[in-house]
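A short worksheet on the structure shown next.
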Amino acid sequence: MNKERKHDIIGYIGSRKIRWLLHVVFWLAVLGFYTLFFGQRNVNYRITFSFVVILLPVTIVTTYFLNYELIPNYLLKKRYVKFFQYFIYTLIVSFYIEMVTVIIIFLSVAELNMHELHPSNTNAIFLIAGMYVVVFLGVAVKLVNLYNSNQLEIQKLKSEKIEAELKFLKAQLHPHFLFNTLNNLYALTLERSDKAADVVLKLSELLDYVLYECDAELVSLEKEIKQIDNYLELEKLRFGSRLDVDYKIDEIPSNLTIPPMSLMTLVENSFKHGISKSMDNSWIKINLTADTEAFNFKIENPKRRAKSINQGLSGGIGLENLRSRLNLIYKEYYSLLINENESTFEVHLMIKINVKS
């Protein structure tokens, strides 16, 4: 059963009308079970039924007090000592009320059909055990329901977090990149250069990928690489001969997938914080390899300003955002390492293949 279907079913069950109906059915089932259980050796089921009807409210009140007062206000808020104390008090009080009720019943029917009751019906320990079996069953059902609801809420929050982070990453293409690309495109059109059409195509593919194809949790690595190609070509046009790109990719399995914009974020950050038009010789090294167990992406660039790099990469929102998404998807099955010295900055991303939480 997929998550959406499970969420719909539990949401339907959790609606107010259905919840009331389920509670009524549950207590009717308990009433029937008690009547059959205590009355199986009696002569008259009617007497047993009346006996159970009088005792059942104690069970119901005890169950609901535990489920709707103690559990949400103490157990779920991790006030364990208070919860344990009030839990014991509740059992003691319910035991007392049950015993008083039984005595009253016994006195009321002492001269009327008392002989029709089986000894099990007048055994206090047996009666108390019967009550608490149902009480603990009701508490167990409540805890299971809370656990399922909590798991669904966690999954919902994870999905919302990933979606929010993905929207943020979609905005990571630096405005200066788009502005300079459009300026270069304008210059090419004035020159009637044949490169203009190619620039339009690459920019169109890149924007289409960023805006429309990144909604999935995972995308084909080939698609991500294709957009890195487009991005690098456009940056080469921007920097011209002053930029040296060392870009190496090994043969990649066709079915390999990654979170969208994960590699693009690293590439864009390298240009944003490590490459400058004021530098006479800018360079960037990119290496992507894969084997049967993992794929590795390494990117290295010169330091432009230590402060910019530390803020933009080591502790910046973009990289931390990416790390958070990888944590949600891969847990311990990935690593994102940063190495830097006085002149260079390197990021190494490793993701184990075919492993996803």
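Rule-based calculations on the coordinates, nothing more; no lab input. Computed from a predicted model, the values in this text were never measured in an experiment. FYI the Cβ positions are ideal-geometry reconstructions off the backbone, even for glycines, and counts take in every protein chain you see.
Annotations
- Sequence of Thr292, Thr265 once ranked by neighbouring C-beta atoms within 10 Å, starting from the fewest: Thr292, Thr265
- Subset of Lys158/Lys352; Lys272/Lys331; Lys226/Lys285 violating a 25 Å alpha-carbon distance limit: Lys272/Lys331
- Amide H within-cut-off set for Thr344, under 5 Å, with H built and near neighbours excluded: Lys303
- Among the trypsin sites (Lys or Arg not before Pro) in the stretch 197-285, those placed in a DSSP loop whose Cβ has at most 16 other Cβ atoms within 10 Å are Lys277.
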